[in-house]
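Note sheet for the following structure.
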Ligand SMILES: [Zn+2]
Ligand SMILES: [Zn+2]
């Protein structure tokens, strides 16, 4: 793993994008063949399955280090990362093992079927042969959570540099469900990585930037197409050469979870790729996101579930027709061909054209946006009529203009140290609302404040701790925050009986005393209104 | 039972029988100072007692104050007790304070480090009944690499920066850590020091410590120069004056990846002026103390660990820094 560890050290030791790309490109040029493929897999989020539960690892590491388990638990929040905590507490190695990355991956794959005693012995032996960095990387592979501060875009750029191929070709080649254990590097970058759905590989998704400036800045409204921003799962339905595949944005093949959409694919002419939003849909509108969630979790879909949360593809764009790649064509043309395709299909299929929202001026569009929630959408999408279908998130041609979030003022009741970069600041908070005389916790949030605010609040937390439960501190209920969220859903698991969608801190309300926070009744009313 | 020899009051760690406070955080009639770091040596007290090395720094920081100096191991009678200073190995001149009354000895560690750093007087364990120990790094995740190996990593980074035409700027606490680096890196190339660092260096040179001379950190720097500055200067964008720079910190906290990344530095070098986990445990055992009172850091957890090992251990509430992991200068 020495070569991989050196790459990690190079990436970790610089904050500059150019230096990161250079280190990666060098690695992709010179590292051993199977290691390169595994590195691409790890950096594009194809994580190995967790071979051992985190709790077992902590236990075994504590034992190997001769430390009480509780002390390891105390150290963990200070470090903020389990793989690193374990690497730091283990006694120095007694031997030096040098296995390549791909050997380690094969070793890991062999671990899963063995019983716990055998896994423990194997892991203790592995730890004893690795240095601190080696252990850290090994633990990362073991716990299945690999991030090296490299975005997919950066990796794509480095691969393009190393292989002399175009970035867009590389991005396309990496999509789909290729298996790093059986794919050769040359095949992978050439787009010939085999795998389920390989013939029906998706195009890289084009993503919109949030609109922050007033829309007037976009210029002439006539150049822009507006439609709802639906709140479902972005997906690509590809029908090619007798194969139908439904892909989610993370290149996950989800065809089996949505059999009704697979059936739709069979009705499409061969050589078709539609970009759209998978929604749970009943009658004239989308069901709340919670309904769709019941479909995502299941590998096998019961008839009951199919009836309760039927899926539909809300079509946004046509990327391929008759086997021809349309992405370079203007959006207006792709959209016209999509409309014609949808109109020509037999009735009753779970496919709709996402309706265009015509608008004469930006003021009218703002008025339409205000209606988004009533329609079951989370805002608007603005697409330049002349735009090509790009790769990744780019500014300029596609914008998402979300509705203003719901808000409620709540008081902080628990604080916990953050992870990674925020390991010593209290950044993860639990908030409560009033319910009669009681304060009922209802949401957690860990983003939305500045570093300076986090520092100030961390000092406050240290001075106002009432109780400590491991890394969690119960604090004096005094600090009030405005919490933004996108919706409410019922949740019997939570004490409040409900859960927020995308809660985050909008601001610290230094001006507001805890006596003036919101009530749980407000959220219950919102829930009732959404359901009705 | 007699009252404890030392116990915290509003002003600091008080010794009523001796009529003094150790490292008080509020002005008192008589302050006994372990070392010159700002959280241990504050101004405003009527009289100070410390080692000659600490006295030099104290005069530099606090101006003309009434300072009595006592050499290593020299007994000083204060009220009904006798005190003496013993090397703590934390920074040049830093001391542990031994406090004795009939039949009982306490030692206050101040801040300490057990491995020699080449500049500070090396730590010496002092036998006692009660040891007031700091535990800034009192968790088993903190194990320092060998100083020589870390200095070699710094030289590699420095050479890499010189080759790439960027200025290496190393953040290090201006008293102690910076001079340890200057001494350890001397001869590898020109070193330029921030004014705060040079102020401390000059005071230490005057007190007889062999701190090599450095250049002022002002552009234009000679080619291949390394800049050493306090962490706060780096956070404040001071390094911008040198053009393209690569920043790094030297601190025990750099052992933790997340902390290094949060500081936004490209490199972190694990070089601490405090004892690591093995060092703390060894130092505590070496005193033979049956009772250990802890300051700085994760005191509750460390006290529990020591108690499980058979010692009487507890946390002492103090106002010393080091509680905040947010400062990379510890
Ligand atoms: Zn100190
Ligand atoms: Zn201190």
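Taking the Cβ-Cβ separation of residue A:117 and residue B:38 as r and a Förster radius of 56 Å, what is the calculated FRET efficiency to the nearest 0.05? Approximately 0.55, to the nearest 0.05. Here the spin labels are modelled as points 7 Å beyond Cα on the Cα-Cβ line, and at residue B:68 and residue A:302 they lie 8.5 nm apart. For a Förster distance of 60 Å, can you work out the FRET efficiency between the beta-carbons of residue A:209 and residue B:291, rounded to the nearest 0.05? It comes out at approximately 0.45. Give the Debye-formula value of log10 I(q)/I(0) at each listed q (0.10, 0.14 Å⁻¹), with one equal scatterer per alpha carbon of segment A:2-143, two decimals each. The calculated log intensity ratios at q = 0.10, 0.14 Å⁻¹ are -0.36, -0.70. Peptides B:15-21, A:319-325, B:109-115 ranked from most to least packed, by the mean per-residue count of other Cβ atoms within 10 Å: B:109-115, B:15-21, A:319-325.
Counting only Cα atoms, segment A:485-526 measures 33, 20, 17 Å along its principal axes, largest extent leading. Each Cα pair under 8 Å and six or more residues apart adds its sequence gap; the mean of these over the residue count of segment A:2-143 is a relative contact order of 32 percent. Note on chain B: with a GNM built from Cα contacts shorter than 10 Å, the maximum mean-square fluctuation among B:304, B:59, B:257 falls on B:257. With n ≥ 4 as the cut-off for DSSP H runs, can you work out [θ] at 222 nm for chain A, using -39500 (n - 2.57) per run divided by the number of residues, rounded to the nearest 500? Using -39500 (n - 2.57) per qualifying helix, the result is -11000 deg cm²/dmol. Averaged over the residues of A:44-56, the number of partner chain Cβ atoms lying within 10 Å of the residue Cβ comes to 0.
Take the convex hull of the alpha carbons in segment A:207-361; its mean projected area over all directions comes to 10.3 nm². Mean partner shielding of peptide A:69-75, defined as the number of other chain Cβ atoms within 10 Å of each residue Cβ, is 5.
Across the protein assembly as shown, how large is the tail of the calculated P(r) beyond 40 Å, expressed as a percent of all Cα pairs? When all Cα pairs of the protein assembly as shown are counted, 50 percent exceed 40 Å.
A simple spin-label model places the labels of residue A:199 and residue A:522 5.7 nm from each other, with each point 7 Å out along Cα-to-Cβ.
Over all alpha-carbon pairs in segment B:164-296, figure out the percentage whose distance exceeds 25 Å. Of all Cα-Cα pairs in segment B:164-296, 34 percent lie more than 25 Å apart. Taking label positions 7 Å along the Cα-Cβ direction at both residue A:284 and residue A:356, the computed distance is 2.3 nm, reported to one decimal.
Taking 10 °C and 1.306 mPa s as conditions, segment A:132-232 diffuses translationally at an estimated 92 µm²/s according to Stokes-Einstein applied to its Kirkwood radius (Cα pairs).
Here the Debye sum runs over all C-alpha atoms of chain B as equal scatterers in vacuum, and log10 of I(q)/I(0) at q = 0.08, 0.09, 0.12, 0.13 Å⁻¹ comes out as -0.37, -0.46, -0.80, -0.93. If a spin label sat at a point 7 angstrom from the Cα of residue A:491 along the line to its beta carbon, the backbone N atoms of segment A:443-463 nearer than 13 Å would be those of A:443-446.
With Rh defined as the Kirkwood radius, the inverse of the mean 1/r over Cα pairs, the Rg/Rh of segment A:299-400 is 1.01.
Of the Cα atoms belonging to segment B:42-127, the radius of gyration and Dmax stand at 13.2, 39 Å. Scattering from segment B:1-83 was approximated by placing one identical point on each alpha carbon and applying the Debye formula without solvent; log10 I(q)/I(0) at 0.17, 0.19, 0.27 1/Å stands at -0.63, -0.78, -1.43. Sorting A:335-342, A:434-441, A:137-144 by average packing, meaning the other beta carbons within 10 Å per residue, from highest down gives A:137-144, A:335-342, A:434-441. The long axis of helix B:299-308 is offset from the longest Cα principal axis of chain B by roughly 60 degrees.
Counting Cβ atoms of other protein chains within 10 Å of each Cβ in A:82-92 and taking the mean gives 3. Can you pull the percent of Cα pairs in segment A:406-531 with separation above 17 Å? In whole percent, the long-distance tail amounts to 55.
Relative protection proxy for B:288-296, B:173-181, from highest mean packing down: B:173-181, B:288-296 (other beta-carbon atoms within 10 angstrom). Cut-off 15 Å, label point 7 angstrom out along Cα-to-Cβ of residue A:468: give me the residues of segment B:258-295 whose amide nitrogen falls inside. Backbone N within reach: B:294-295. Once the chain from residue A:190 to residue A:371 is taken as fully extended at 0.36 nm per residue, the excess over their C-alpha distance is 60.6 nm.
Values in this text are rule-based calculations from the coordinates and carry no lab data. All of these numbers come straight from a predicted model, not from anything done at the bench. With ideal geometry, Cβ positions are generated from the backbone for all residues, glycine too; neighbour counts draw on all protein chains shown.
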